[in-house]
Amino acid sequence: MVTSEDTVKFKHFMNSDKTDFNRSKPFYPMYYDRDHNYMKDRSFWLSLLLLMSAGSYLAAKWTIETNRWLMWERMDSNTLDSLPGHHFHNRGGVLI
């Protein structure tokens, strides 16, 4: 048997839920990942991030090692005479 108190409680429950019910819904349909493709997506982005990080590291390392190689070439006394003059700056007899 339903009493008047139950009716008041039910009305209160229905009215308190109204704001949640009338809340705006997303305009796109819900995506259900039934095949668990999220791991493919995560592994793709992780591998892309690692590949880009490795490429950046190798590019920076290549620049450093190329400059080091050129430095050793300039410091070699055998090739000092054959290098063009614009490689040096003479400050009081000291080649920089």
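A few points about this structure:
- Förster radius 25 Å - calculated FRET efficiency between A54 and M75, Cβ distance, rounded to 0.05: 0.20
- Chain lengthening between D20 and S4 when straightened (0.36 nm per residue, less Cα-Cα): 3.2 nm
- N67 paired with S47, simple spin-label distance in nm, labels 7 Å along Cα-to-beta-carbon: 3.4 nm
We did not get these values from a lab; they are worked out from the coordinates using the rules stated. Quick caveat: nothing in here was measured; it's all calculated off a predicted structure. Every residue, glycine as well, gets a Cβ built from its backbone with ideal geometry; the counts of neighbours run over all protein chains shown.
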